[in-house]
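Trainee: Take this structure, written in structure tokens, and hold onto it; I'll ask about it next.
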Amino acid sequence: MKPFAYVNPTHEKDAVAALGPEFEKALPIGGGQDLLARMKDYVTQPDRLVNVKGALEATVTAANGGLRIGAAMKLVDLAEHAEVARMYPAITAAAIEVGTPQIRNQGTVGGNLNQRPRCWYFRNEEFNCFKKGGNTCFSITGENQFHAIFGGGPSFIVHPSSLAVPMVAHGATFRIVGPKGERLVPAAEYFTLPVKNVRTENVLAPDELLTHAILPAPGTVKSGHYEVRYKTSHDWPIAFATVLLTMNGATVRSARVVMGAVAPIPWRSPAAEKVLSGKTITEETAAAAAEAAVQGARPLSENAYKIQVAKTAVKRAILRAAGIQTV
Ligand SMILES: Cc1cc2nc3c(=O)[nH]c(=O)nc-3n(C[C@H](O)[C@H](O)[C@H](O)COP(=O)(O)OP(=O)(O)OC[C@H]3O[C@@H](n4cnc5c(N)ncnc54)[C@H](O)[C@@H]3O)c2cc1C
């Protein structure tokens with residue numbers, strides 16, 4: 001590992017000042033599980049690490065009928081938070097399924113939302129792909145079993161964060177601080193496609209930090225979250241979905257359907273939402289919406305199977321949201 005300096009600020013302003021404008025020269029570190037692994041593999045080689053755990057909030061506080069979650073909060077604390085579970089069960093479901101107890105004990109909310117892609121070409125120092133400043137995506141002609149079926153190009157990574165998907169579904173706003181002060185960005189606009197900037201996965205500048213996820217009042221929305229993994233022990237999901245339903249009696253007034261692990265960003269499906277609108281939730285309507293959710297998928301050579309997996313995740317998340325139990 002390349003030698004690096006370590007800064008331990010106690011205030012967000014000092015943390016921002018320690019970052020600087022150059023790409024990957026100085027990087028924030030939360031639990032370090034993603035960042036240190038990349039550094040050990042010579043994929044990311046910063047000169048300075050800025051520990052944000054003493055500088056950012058690690059608590060959940062009430063905010064306008066919703067909740068404000070500090071980026072330094074450990075995933076285990078999020079997963080076990082009673083108010084989060086009561087108001088946003090899909091977020092709790094996503095947090096509980098992240099990795100293993102050890103990973104949740106160490107990982108932070110900020111680190112989870114900003115973790116870099118799991119693509120094996122990106123994670124291997126020998127492959128100078130788009131994300132490392134190169135001029136190709138090796139997955140296109142290579143091993144692409146776990147890559148994008150939506151929104152790919154020029155890079156075909158999928159976003160690795162489980163929390164990102166229910167955050168987008170719930171219409172969270174992210175608070176960002178930088179040298180010029182704070183800005184608020186909807187979670188749906190925080191994550192960016194590779195066509196916008198292939199080197200990164202979000203709108204953060206090198207000298208900015210994510211400090212909070214702010215969730216709006218949930219109202220009477222019902223939610224369902226369903227993840228499909230290759231194995232049931234620790235691993236990232238192959239595809240997953242968060243579904244929110246706002247009901248009008250027995251029929252759906254409006255729906256939000258967001259898929260994860262299928263695209264470089266949390267992938268919302270207006271087509272599936274339209275199918276659900278005005279309907280009573282049954283196995284058949286859930287299946288029809290799931291079918292609509294995968295329309296337009298463009299699989300690579302080895303990952304067409306993800307279409308069926310995504311369809312299953314959407315269908316089961318809809319049924320869970322409607323209180324119809326699924327496996
Ligand atoms: C076996 C295994 C299984 C896993 N399964 C899952 C899974 O199912 N779902 C899932 O979501 N994750 C999964 N993970 C990933 C794990 O959840 C993340 O590595 C962890 O959440 C990262 O948190 P951290 O605090 O350790 O991040 P760090 O490694 O400290 O940071 C990650 C990145 O975010 C940046 N960063 C950190 N904090 C901030 C901030 N406040 N503002 C801006 N940038 C910041 C860092 O610079 C770094 O680039 C798994 C990991 C392992 C090892």
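Trainee: Running a GNM on the chain with Cα contacts under 10 Å, which residue among 36, 300, 113 ends up with the highest mean-square fluctuation?
Mentor: Maximum fluctuation in the GNM of the chain, among the listed residues, is at 36.
Trainee: Any chance you could check the Cα centroid distance between segment 116-192 and segment 18-52 for me, in angstrom?
Mentor: Between the Cα centres of segment 116-192 and segment 18-52 lies a distance of 17 Å.
Trainee: Determine the shape class of the chain: with a ≥ b ≥ c the square roots of the Cα gyration tensor eigenvalues, call it rounded for a/c under 1.5, and otherwise prolate if a/b is greater than b/c, oblate otherwise.
Mentor: Oblate.
Trainee: Taking the alpha-carbon distance from residue 13 and a cut-off under 18 Å, which aspartates and glutamates remain once sequence neighbours fewer than 8 residues away in the same chain are dropped?
Mentor: 22, 57, 182, 207, 208
Trainee: Can you list the HN-Hα couplings for segment 285-296, worked out from phi with the Karplus curve (6.51, -1.76, 1.60; θ = phi - 60°), rounded to whole Hz and with x for Gly and Pro?
Mentor: 3J(HN,Hα) across segment 285-296, in whole Hz: 5, 4, 5, 5, 5, 5, 4, 5, 4, 9, 4, x.
Trainee: Give a residue-ordered list of calculated ³J(HN,Hα) values for segment 197-212 (Karplus: 6.51 cos²θ - 1.76 cosθ + 1.60, θ = phi - 60°; whole Hz; x for Gly, Pro).
Mentor: 8, 6, 6, 10, 10, 7, 7, 5, 7, x, 9, 10, 10, 7, 10, 8
Trainee: Which of the trypsin sites (Lys or Arg not before Pro) found in segment 129-199 are in a DSSP loop and have at most 15 neighbouring Cβ atoms, other than their own, within 10 Å?
Mentor: Here the trypsin sites (Lys or Arg not before Pro) that fit, given the DSSP loop and packing criteria, are 180, 196, 199.
Trainee: Each residue of segment 43-54 in order: what ³J(HN,Hα) in whole Hz does its phi give by Karplus 6.51 cos²θ - 1.76 cosθ + 1.60, θ = phi - 60°, with x for Gly and Pro?
Mentor: After applying 6.51 cos²θ - 1.76 cosθ + 1.60, I find 8, 10, 10, x, 7, 9, 10, 10, 5, 9, 5, x Hz.
Trainee: Now a separate question. What shape does segment 208-281 take by its C-alpha gyration tensor, where a ≥ b ≥ c are the square roots of the eigenvalues and a/c under 1.5 counts as rounded, a/b above b/c as prolate, and the rest as oblate? Spell out each step's value before the answer.
Mentor: Details: a/c = 2.03, a/b = 1.38, b/c = 1.47.
Verdict is oblate for segment 208-281.
Trainee: Projecting each Cα onto the charge dipole of segment 62-123 (Lys/Arg +1, Asp/Glu -1 at the beta carbon, about the Cα centre), which of 119, 101, 67 comes out farthest on the positive side?
Mentor: Of 119, 101, 67, it is 119.
Trainee: Can you figure out the FRET efficiency of residue 36 with residue 308, using R₀ = 56 Å and their beta-carbon distance, to the nearest 0.05?
Mentor: 0.95
Trainee: A follow-up question, please. Given a Förster radius of 35 Å and the C-beta distance between residue 196 and residue 8 as r, what FRET efficiency does 1/(1 + (r/R0)^6) yield to the nearest 0.05?
Mentor: FRET efficiency, residue 196 to residue 8: 0.60.
Trainee: Report the residue, chosen from 312, 242, 61, that carries the largest GNM mean-square fluctuation when the chain is represented by alpha-carbon nodes joined by springs under 10 Å.
Mentor: Checking each option, the largest mean-square fluctuation is seen for 61.
Trainee: Let me confirm the definition first: pairs of Lys residues in segment 175-327, 8 or more apart or on different chains, C-alpha distance under 19 Å. How many are there?
Mentor: 10
Trainee: If Lys and Arg each add +1 and Asp and Glu each add -1, what is the summed charge of the other residues whose beta carbon sits under 12 Å from the beta carbon of residue 168?
Mentor: +1
Trainee: Test of the criteria: in segment 40-139, which GluC sites (Glu not before Pro) are in a DSSP loop and have at most 10 other Cβ atoms within 10 angstrom of their Cβ?
Mentor: Here the sparse-neighbourhood loop sites are 126.
Trainee: A further question follows. For residue 280 and residue 1, FRET efficiency with R0 = 41 Å and r from the beta-carbon atoms, rounded to 0.05? List each step's numbers first, then the result.
Mentor: Values: r = 57 Å, r/R0 = 1.39.
The value I calculate is 0.10.
Trainee: Within the chain, what whole-number % of the accessible surface is contributed by carbon and sulfur, with the 1.4 Å probe and all protein chains included in the calculation? Intermediate values should be presented prior to the final figure.
Mentor: Numbers: 7590 of 14220 Å².
That fraction is 53 percent.
Trainee: Might you tell me the accessible area per residue for the chain, computed with a 1.4 Å probe and given in Å²?
Mentor: With the other protein chains kept in place, the chain gives 43 Å² per residue.
Trainee: Counting only residues 5 or more places away or on other chains, whose amide H sits under 5 Å from the amide H of residue 57 once H atoms are built in the peptide plane?
Mentor: Result for residue 57 returns 71, 72.
The values are calculated or read from the model by the stated rules, or taken from the named source; none is laboratory data. Keep in mind it's a predicted model, so treat the numbers as computed, not measured. Counting neighbours? That spans all protein chains shown, and the Cβs are built from the backbone with ideal geometry, glycine included. Accessible surface is based on the protein model in full, side chains and every heavy atom, while ligands, DNA and RNA are left aside. Shrake-Rupley method; radii C 1.70, N 1.55, O 1.52, S 1.80 Å.
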